[in-house]
Amino acid sequence: MLFVLCISLSKFTGFRVKSRHVVISWLFCCGFTLTAHEPARAFDFFGLFGETEKAQPSANAVAYDIAFQGLDDGKLEQTLQDASNSWRLRLDAPGSGVGLARRVVADYPRITDALWASGYYNATVRASVAGVYVSPDGKGAEASAAAAERYRGSALAPVVFEVDPGPLFKLRHVVVYDSRTNAPIDPALFPRKAFDLDADDPARAAALRARESEWIDQLRDKSYPLAKVVSTRPVIFHNEHAMDVALTIDPGPKAGVGAVELSGSPGVDPAVIRSFIYLEEGEPYSPKKLADTRKSVARIEALGGVKVEDGAHLDKNGNLPILVETSERKRHAIGASAMFSNINGPSLRTYWVDRNLFGGAERLRFDLEGGLAYYNNSASFVSFPELKASNLVGAARLSFLKPALWGSRNDLLLDAAAVRERTVYYWAAYGNFNGAIRHRFSDTTSLQAGLEIEGGQFFDVYGLHDYSLLGFPISGTYDSTDNALAPTRGMRVNARVAPYVKALPHGVGMVESKGQASAYYALDEDAWYILAGRVAAGSIVGAPVEAVPANRRFFAGGGGSVRGYRYRSISPENGFGWPTGGLSLFEASAEARLKVTQNIGIVPFLDAGAAFSTPWPDFGSTMRFAAGLGLRYYTGIGPIRLDVATPLNPRPTDSRIALFIGIGESF
């Protein structure tokens with residue numbers, strides 16, 4: 001069994017409407033604010049530990065119990081409870097029966113408004129206090145107050161709202177007018193089926209409000225940023241149980257993107273922030289472009305919050321200014337983590353980062369990792385590795401990022417590392433330096449080129465070797481996904497080509513190529529059901545496998561590769577059955593990410609992959625397959641992932657069960 005556990009710590013960081021039809025535009029103002037207050041409740045985790053808390057009899061107040069009768073719709077009952085002050089204040093009993101009667105009488109219009117907003121325009125409501133009915137005009141209040149007083153100090157006075165909601169009204173016709181012409185609005189401004197209604201669409205205020213917002217958003221998508229609803233005139237037909245609506249919209253002028261105004265973050269060079277804004281003054285206005293701008297600016301690690309908003313008025317050129325407000329993160333952060341694996345052994349990791357070294361959002365980061373490696377090729381769970389020098393592994397890494405060189409869209413990246421690693425099949429100790437310039441074409445696309453130097457020593461089936469690499473890697477990235485840790489839509493593509501030349505002692509000449517593409521497709525609007533797929537490939541040409549440093553050869557297997565197999569354990573072998581690593585690689589994964597609740601999801605998956613002895617993937621060779629089921633717990637920082645996998649065509653040394661735990665999706 002493969003078991004991995006990670007722990008991380010970080011710092012800093014009664015009455016009825018009787019008229020045949022009535023125009024009630026005001027109900028949409030009151031109807032939409034009725035659910036602003038949550039009912040008072042006792043602590044009840046997911047409703048599992050008890051009923052709603054009740055008041056207790058008291059000699060100093062007239063405590064009461066409240067019930068809504070005649071409803072078989074739990075959501076409607078909750079809506080009425082949210083609207084009722086008598087329900088919301090049930091734990092705060094009034095001092096007298098008169099106060100209780102007044103509280104109940106005052107709930108009549110609130111409950112009626114809630115019923116209308118829910119689409120029940122023929123509803124009737126009757127209320128009683130201590131068995132005595134009170135009417136909306138206060139009749140019966142005096143008698144009910146006296147009856148309630150008799151419960152003082154001994155029992156809860158019963159308060160009952162008897163509700164007959166009647167039929168649910170349907171939204172029958174909606175006509176949208178243009179306020180500039182008082183004629184029906186031009187349908188060409190909207191998608192083809194924007195005004196289509198379903199025969200079963202309920203005449204609920206919330207549903208109509210949602211349609212209004214949708215139409216305004218569609219106008220904004222067409223570069224009408226100041227579009228707004230001028231008036232809503234619903235007409236209720238009681239005998240026909242239907243509603244017709246006349247809606248007037250002012251599209252406003254068509255506009256482009258105006259000047260971008262920055263505010264906040266005085267400690268970060270504004271030129272750096274502007275380099276991550278890809279808006280061009282005068283281009284057509286689009287809410288998506290604003291959302292993309294927020295996402296792009298948020299990539300600056302020195303910034304903690306980003307807000308992008310429309311200006312209030314058009315400028316003299318007919319463009320809408322854009323306001324970008326940012327806030328700074330804490331400059332320094334430290335963190336630590338611990339990991340244990342029966343394959344890789346225990347390890348400790350720590351880091352320190354400065355996110356704004358010189359005031360230009362420069363990032364300086366130092367990572368230190370150390371641990372003990374297993375020297376094991378068994379399918380069983382082994383004991384703690386022996387503490388000796390040969391089992392020590394680790395890495396020290398220093399990285400520097402200077403974004404927006406001289407205010408441009410070019411970034412400087414410098415990375416240095418000293419590494420000692422060991423697997424079942426090889427060990428290696430080496431130092432590496434990378435320097436590159438990255439150009440950002442847009443918020444989704446970038447290209448970088450640079451220099452890489454690496455030198456060290458490795459030992460494998462071919463013996464002990466010294467080596468050095470001098471390369472000129474070029475890489476490109478495209479990322480249109482909506483979330484770094486848990487994408488629901490979009491695509492990611494990464495590709496890298498690195499030619500290495502024999503210019504240093506023990507040099508290796510070769511060309512290394514790697515690429516990976518992943519795609520995400522949500523089957524529903526709320527992204528509860530997502531299909532995800534990944535394909536990766538690699539190739540090394542220009543050198544035989546024994547000359548390629550072991551840590552540069554291709555292996556498959558592990559939590560981000562073919563789950564169900566040990567990390568870097570899938571490899572071609574020499575003639576004696578000893579894995580050597582490959583000159584090429586192919587991997588593929590498919591997942592269905594299915595939410596069960598808002599916070600819990602399951603993920604069935606299938607992985608495939610292999611490393612090959614040839615410079616190009618040879619699909620006639622044996623591919624390794626694994627299948628499994630994952631569990632996700634969704635948090636604010638990303639999903640906590642637990643994957644259980646099994647190899648479908650295992651080798652004798654492969655465990656039949658592999659367990660992976662981490663944060664973020666597997667790809």
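The values are calculated or read from the model by the stated rules, or taken from the named source; none is laboratory data. Note that the coordinates shown come from a computational prediction; the quantities given were computed from them, not determined experimentally. Cβ: placed from backbone, ideal geometry, glycine included. Neighbour counts: every protein chain shown.
How many of the residues making up region 151-177 are more than 30 Å from Ala93 (Cα to Cα) and among the charged types (D, E, K, R)? I'd like the intermediate steps shown before the answer.
We begin by selecting, within region 151-177, every residue more than 30 Å from Ala93 (Cα to Cα); these are 166-177.
Next, from what is left, pick out any that are among the charged types (D, E, K, R): 170, 172.
Matching residues across region 151-177 total 2.
Against the condition aromatic (Phe, Trp, Tyr), buried (at least 16 other Cβ atoms within 10 Å of the Cβ) and modelled with pLDDT of 95 or more, how does Tyr478 come out, does it pass?
Values: aromatic (Phe, Trp, Tyr): yes; buried (at least 16 other Cβ atoms within 10 Å of the Cβ): yes; modelled with pLDDT of 95 or more: yes.
Taking the combined requirement at face value, the residue satisfies it.
Just for strands (runs of 3 or more DSSP E) wholly inside region 425-526: which have at least 3 residues that are in the same structural domain as Lys595 (by TED's automatic domain parsing) and within 39 Å of the chain's Cα centre (by Cα)? Break it down stepwise before answering.
Values: elements: 427-440, 445-460, 463-471, 474-479, 490-501, 510-522.
Of the strands (runs of 3 or more DSSP E) lying wholly inside region 425-526, those with at least 3 residues that are in the same structural domain as Lys595 (by TED's automatic domain parsing) and within 39 Å of the chain's Cα centre (by Cα) span 427-440, 445-460, 474-479, 490-501, 510-522.
Pick from region 450-471 the residues that are of a type in the set (A, V, I, L, M) and loosely packed, with under 14 Cβ neighbours inside 10 Å: which of them is farthest from Ser390 (Cα to Cα)?
Step one: of region 450-471, the residues of a type in the set (A, V, I, L, M) are 451, 453, 461, 464, 469-470.
From what's left, loosely packed, with under 14 Cβ neighbours inside 10 Å: 451, 464.
Details: Leu451: 32, Leu464: 15 Å.
Restricting to residues being of a type in the set (A, V, I, L, M) and loosely packed, with under 14 Cβ neighbours inside 10 Å, the top hit is Leu451.
Specify which of the listed residues (Tyr121, Tyr151) is closer than 25 Å to Ser231 by Cβ, aromatic (Phe, Trp, Tyr) and touching a strand residue (DSSP E or B) at 6+ places or on another chain (Cβ under 6 Å). Can you show your working first?
Numbers: Tyr151 fails: closer than 25 Å to Ser231 by Cβ.
When all the criteria are applied, what remains is Tyr121.
Considering each of Ala114, Ala146 in turn, give the residue that is farther than 16 Å from Leu76 by Cα, in a helix (DSSP H, G or I) and in contact with a helix residue (DSSP H, G or I) (Cβ under 8 Å, 6 or more places away or on another chain). Working first, answer last.
Working: Ala114 fails: farther than 16 Å from Leu76 by Cα.
Just one listed residue meets the conditions, Ala146.
Looking at region 248-271, can you tell me whether even one residue there is closer than 30 Å to Pro167 by Cα and either in contact with a Leu (Cβ under 8 Å, 6 or more places away or on another chain) or modelled with pLDDT of 95 or more (or both)? Steps first, answer last, please.
First, pick out the residues of region 248-271 that are closer than 30 Å to Pro167 by Cα: 248.
After this cut, where a residue has to be either in contact with a Leu (Cβ under 8 Å, 6 or more places away or on another chain) or modelled with pLDDT of 95 or more (or both) as well, the list is 248.
Scanning region 248-271 turns up at least one residue that is closer than 30 Å to Pro167 by Cα and either in contact with a Leu (Cβ under 8 Å, 6 or more places away or on another chain) or modelled with pLDDT of 95 or more (or both).
Name the single residue, out of those in region 568-590 being of a type in the set (Phe, Trp, Tyr) and surrounded by fewer than 14 Cβ atoms within 10 Å (Cβ to Cβ), that is farthest from Val535 (Cα to Cα). Don't jump to the end; show me each part of the working.
Within region 568-590, the first condition is being of a type in the set (Phe, Trp, Tyr), and the residues that meet it are 576, 578, 586.
Keeping just the survivors that are surrounded by fewer than 14 Cβ atoms within 10 Å (Cβ to Cβ) gives 576, 578.
Details: Phe576: 31, Trp578: 27 Å.
So the residue we want is Phe576.
Which residues, counting only those in region 192-240, are exposed (fewer than 14 other Cβ atoms within 10 Å of the Cβ), over 25 Å from Ala312 (Cβ atoms) and not aliphatic (A, V, I, L, M)?
The answer is Arg192, Lys193, Asp196, Asp198, Asp200, Asn239, Glu240.
Since Val324 meets every condition but one in (1) over 18 Å from the mean Cα position of the chain (by Cα); (2) within 15 Å of Arg220 (Cβ to Cβ); (3) outside any loop (DSSP other than H, G, I, E, B), which condition does it not meet?
In the conditions (1) over 18 Å from the mean Cα position of the chain (by Cα); (2) within 15 Å of Arg220 (Cβ to Cβ); (3) outside any loop (DSSP other than H, G, I, E, B), Val324 misses (2) alone.
Show me the strands (runs of 3 or more DSSP E) found entirely inside region 545-651 where at least 1 residues are in contact with a His (Cβ under 9 Å, 6 or more places away or on another chain). Walk me through it before giving the result.
On the way: elements: 584-595, 600-612, 624-635, 638-647.
Correct list: empty, since no element meets the threshold.
What is the one condition in (1) within 30 Å of Glu309 (Cα to Cα); (2) within 34 Å of the chain's Cα centre (by Cα) that Asp200 does not satisfy?
(1)
If I go through region 287-300 residue by residue, how many of them are outside any helix (DSSP H, G or I) and at pLDDT 95 or above?
Going residue by residue through region 287-300, those that are outside any helix (DSSP H, G or I) are 298-300.
Going one step further and asking which of them are at pLDDT 95 or above, we end up with 300.
Of the residues in that region, 1 qualify.
Six or more apart or on different chains, Cβ atoms under 6 Å: show the pairs whose first residue is in region 274-297 and within 20 Å of Asn483 (Cβ to Cβ) and whose second is polar (S, T, N, Q).
Phe276/Ser296; Tyr278/Ser442
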